Structure formats: structure tokens, C-alpha cells
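S.K.: Below you'll find the structure I mean.
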């Protein structure tokens, strides 16, 4: 009798852990996945659907303004000047920037190997990633295909094209250059005239922008910095976050634009 009792007790202990699984299989409470409409455009109302502190306005088209709140719109256009801290838009256009940037013809660029580019600097090569111990300057009109982690400063030469993510202490993307990836820096980032970044852009310090494109209609991104200064114009798809202050002025140098506090201002 005792043997039978111990047998049933042992079987019970073996089966007990599987009871919740059996109940779940018989009566699943999972919610079916939502269908994704690939033809539906991404706009700010969808980007901020879960945010409770955002003022949503369908369209914003102003010449000069101060955005007091966290403002979202399907499109935001500012003609001459503004101050802001957090904007969401698809797109956000400052000045007379074109909404679509010109296509690049990569065949005109010199395709450089990382061995060639890093010949004179201390570095470590990994699978599709390069770690550089010091500063690095990429020459103009060069095609680079690699993720770069720079322990110093990075300068991307004029009209060059980097296909990969980059991280450095400070980064300068010179005029006409493109980064097809995300950009991260500790100190500061400078985007020269007619440059472009296709991925996320984040810096602990200030960000200077001069007539640049960030993100695309098919790829909403996040741009964040302690301070953002925009000169001439810019076109950004997604969100812009200036944790201290941000300013666009069509006429003055982006670095001088930072000196004014954001005092607010949704339209």
C-alpha cells in the first residue's frame, strides 16, 4: 500500500509543473497580433500615440515662433527662426530645406579598405567593426563600409559616404558627406552643409546643424543633444530633443544660436 502511495505521489510531483502549461494551451488568453498596414504613412500622431505630455497639431507652418510645449504635427515648417525643446514631425523642416535630399552616385567615390584607412593609427579590427585608439580623419570623396568606434575625434571628409554606425568623442560630418547609420558622440557633433545622417543621432553635448538631412520619410529617427543649433535650415524626420535648449535661425551661425534660453511655446 505504501509503495502505491509513494508511486502516485512521485507521479504527482512530476506532472505538477506542467499543469499551468496545459491550462494555457487549452484556453490561451494571448491577444492576436495587430495587422501592419505598410501603406499607411508614419506621422507624428502615430509616433506620439503613447505620450501624455505632447500637444498634437495636424499641421504647423510658421515664420518665427517659440514652441512652449512638447509639440507634434504631421509636418512642421518654420521659415525664419524658432526656439524649441522637443518637436515631433514627419517631417520637421527649418528654412527652405528640401524635403527629399538628392540621390548620391557612389560610383564616383574611392572605395577604401579599412586596412588602407587605418594604416597609420593604432586600431583593432573585428567582424565589420573597427576600434580606433585616437583621432581619425576620413579623406574626402571616400566610400567606407564598416562600423567605427573611435576613442578620439572623428572627421568625415567632404562628400564621403559611410555605411555603418559610428561612435566617437566628437564627430564632424563635413559638407556633402553622408552617414548611412546611427551617430553617437560624447562631446559634440557638427553636420556641415548638405550633409546627411540616415539613422539615430545622439550626443551628450551640443549639436550644430547647417542645411542637413536627418532620417527619411521611411525611417523616423530620434535626434537628441543637450543643445541644438541650426543654421540655414534642416529637414528632420522623427523627433528632436534638446534637453537644455534648441534654436533655429536662418541668418546666424548655429554655434551662436545656442545662447538664448528656450522660454516655451506651442503654436
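The values are calculated or read from the model by the stated rules, or taken from the named source; none is laboratory data. On a predicted model such as this, the values are computed, not experimentally measured, just so you know. Positions of Cβ are generated from backbone atoms using ideal geometry, with glycine treated the same way; all protein chains shown enter the neighbour counts.
S.K.: Name the residue that is modelled with the lowest pLDDT, counting only residues in the stretch 55-71 that are part of a strand (DSSP E or B) and either within 22 Å of the chain's Cα centre (by Cα) or closer than 12 Å to residue 87 by Cα (or both).
M.R.: This residue is 55.
S.K.: Another question, if that's okay. Would a scan of the stretch 246-258 turn up a residue that is more than 17 Å from residue 212 (Cα to Cα), surrounded by 17 or more Cβ atoms within 10 Å (Cβ to Cβ), at pLDDT below 95 and in contact with a strand residue (DSSP E or B) (Cβ under 6 Å, 6 or more places away or on another chain)?
M.R.: Scanning the stretch 246-258 turns up at least one residue that is more than 17 Å from residue 212 (Cα to Cα), surrounded by 17 or more Cβ atoms within 10 Å (Cβ to Cβ), at pLDDT below 95 and in contact with a strand residue (DSSP E or B) (Cβ under 6 Å, 6 or more places away or on another chain).
S.K.: When the stretch 87-104 is examined, which residues are found to be under 21 Å from residue 182 (Cα atoms), in a loop (DSSP other than H, G, I, E, B) and touching a strand residue (DSSP E or B) at 6+ places or on another chain (Cβ under 9 Å)?
M.R.: 99, 100, 101, 104
S.K.: Something else about it: Select from the stretch 177-191 the residues that are closer than 15 Å to residue 142 by Cβ and buried (at least 20 other Cβ atoms within 10 Å of the Cβ) and list them in ascending order.
M.R.: Correct list: 177, 178, 179.
S.K.: Within the group 168, 175, 196, which residue is under 16 Å from residue 104 (Cα atoms) and either modelled with pLDDT under 95 or under 19 Å from the mean Cα position of the chain (by Cα) (or both)?
M.R.: Of 168, 175, 196, the one residue that is under 16 Å from residue 104 (Cα atoms) and either modelled with pLDDT under 95 or under 19 Å from the mean Cα position of the chain (by Cα) (or both) is 196.
S.K.: Those residues that are more than 15 Å from residue 99 (Cα to Cα) and surrounded by fewer than 24 Cβ atoms within 10 Å (Cβ to Cβ), I need them from the stretch 232-245; list them, please.
M.R.: 241, 242, 243, 244, 245
S.K.: Based on what the data block shows, is residue 107 over 23 Å from the mean Cα position of the chain (by Cα), more than 28 Å from residue 221 (Cβ to Cβ), modelled with pLDDT of 80 or more and not in a loop (DSSP other than H, G, I, E, B)?
M.R.: no
S.K.: Do we find that residue 126 is under 22 Å from residue 230 (Cβ atoms) and surrounded by fewer than 17 Cβ atoms within 10 Å (Cβ to Cβ) in this structure?
M.R.: No.
S.K.: Say whether the condition of being within 18 Å of residue 210 (Cα to Cα) and without any contact (Cβ under 8 Å) to a residue 12 or more places away in the chain is met by at least one residue in the stretch 118-135.
M.R.: Within the stretch 118-135, not a single residue is within 18 Å of residue 210 (Cα to Cα) and without any contact (Cβ under 8 Å) to a residue 12 or more places away in the chain.
S.K.: Evaluate the following for residue 148: is it surrounded by fewer than 18 Cβ atoms within 10 Å (Cβ to Cβ) and at negative phi?
M.R.: Taking the combined requirement at face value, the residue does not satisfy it.
S.K.: I would also like to ask the following. Report those strands (runs of 3 or more DSSP E) wholly inside the stretch 117-160 carrying at least 2 residues which are within 20 Å of residue 187 (Cβ to Cβ), in contact with a helix residue (DSSP H, G or I) (Cβ under 9 Å, 6 or more places away or on another chain) and at pLDDT below 95.
M.R.: Here the list reads 136-138.
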